[in-house]
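Inspection log for the structure reproduced underneath, given as structure tokens.
The values are calculated or read from the model by the stated rules, or taken from the named source; none is laboratory data. Owing to the predicted nature of the structure, the values given are computational and were not obtained by experimental measurement. A quick note on method: Cβ atoms are made from the backbone with ideal geometry, for glycine too, and the neighbour counts reach across all protein chains shown. Note: areas computed on protein heavy atoms with side chains; ligands, DNA, RNA excluded. Shrake-Rupley method; radii C 1.70, N 1.55, O 1.52, S 1.80 Å.
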Amino acid sequence: MDKHSLLIDTSIRLFHEKGFHGTPTSLIAKEAGVANGTLFQYFPSKENLIVEAYISIKEEMANELKINKESNANIIDQMKDVFTSSLTWALAHPLKFDFLQQFYNSPYHHKLKEQTIKKYDQTHLDLIQEAIEQGAIRSLPANLVYALISSHTYGLYQYLRVASHDQRKKVIDTGFELLMKMLT
């Protein structure tokens, strides 16, 4: 693993354990086995490291949640696939998913540039807009629908973390059905 990735992975773990403010860069460098100055060669500031960690996770998640526009699946099936994939990814990467939630609720989220946020959300917003235009879901602002889906996904993730492995598929399917009842 290269030093850049090592520093990001180490920081995600430590930010999860100690919070953003409780994690000094010196501890990140020490845990990663690099000099503090090396950390600053890759990340000019702690804020930059936090934002880079967020972007790294969003990139990884986006690569796994590709929407298959080539398939013959209807729009609701495409939405269900993304919903299911999101939860499956979150359950497989709990530290990273928790970091995303921590980031969303921090002042660092407001420091992201609009185009950075759009880069990772636009595919989902386009899918939602298509569902609205097809009449598959209510005609609401796509950003509102995205916020509702995101909140629902996070809540369901919290439940699934303690649910038995055998229950997960059924709970995800039921969660999606409930979501669609709200949106249709």
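The table for this structure:
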quantity	calculated
Criterion: at pLDDT 95 or above, in a helix (DSSP H, G or I) and open to solvent by 70 Å² or more (accessible area, probe 1.4 Å) - qualifying residue of Leu179, Leu144	Leu144
Any hit, the stretch 45-52, residues being touching a residue at least 60 places away in the same chain (Cβ under 8 Å), surrounded by 15 or more Cβ atoms within 10 Å (Cβ to Cβ) and of a type in the set (Asp, Glu)	no
Output for the stretch 100-117, where each listed residue is under 13 Å from the mean Cα position of the chain (by Cα), over 20 Å from Trp89 (Cα atoms) and in a helix (DSSP H, G or I)	His109
Residue within the stretch 120-140 that is under 15 Å from Glu52 (Cα atoms), surrounded by 15 or more Cβ atoms within 10 Å (Cβ to Cβ) and in the same structural domain as Arg161 (by TED's automatic domain parsing) present	yes
Check on Ala73, outside any helix (DSSP H, G or I) and either surrounded by 13 or more Cβ atoms within 10 Å (Cβ to Cβ) or among the acidic types (Asp, Glu) (or both)	yes
Close pairs (6 angstrom Cβ cut-off, 6 or more residues apart or separate chains): farther than 19 Å from Asp98 by Cβ in the stretch 154-179, surrounded by 12 or more Cβ atoms within 10 Å (Cβ to Cβ) and aromatic (Phe, Trp, Tyr) anywhere	Phe176/Phe83
Residue list for the stretch 1-55, restricted to those being assigned to a loop (DSSP other than H, G, I, E, B) and touching a helix residue (DSSP H, G or I) at 6+ places or on another chain (Cβ under 9 Å)	Met1, Gly19, Phe20, Gly22, Thr23, Pro24, Gly33, Val34, Ala35, Phe43, Ser45
Residue count for the stretch 76-99, restricted to those that are in a loop (DSSP other than H, G, I, E, B) and among the β-branched types (Val, Ile, Thr)	0
The stretch 1-36: number of residues that are of a type in the set (Ser, Thr, Tyr), in contact with a Ser or Thr (Cβ under 9 Å, 6 or more places away or on another chain) and either more than 14 Å from Phe103 (Cβ to Cβ) or modelled with pLDDT under 95 (or both)	2
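This table checks each residue for (1) crowded, with 16+ Cβ neighbours inside 10 Å; (2) in contact (Cβ under 8 Å) with a residue 12 or more places away in the chain; (3) in the same structural domain as Ser150 (by TED's automatic domain parsing).
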residue: Thr38; (1), (2), (3): no, yes, no
residue: Leu65; (1), (2), (3): yes, yes, yes
residue: Ala90; (1), (2), (3): yes, yes, yes
residue: Leu100; (1), (2), (3): yes, yes, yes
residue: Tyr104; (1), (2), (3): no, no, yes
residue: Pro107; (1), (2), (3): no, no, yes
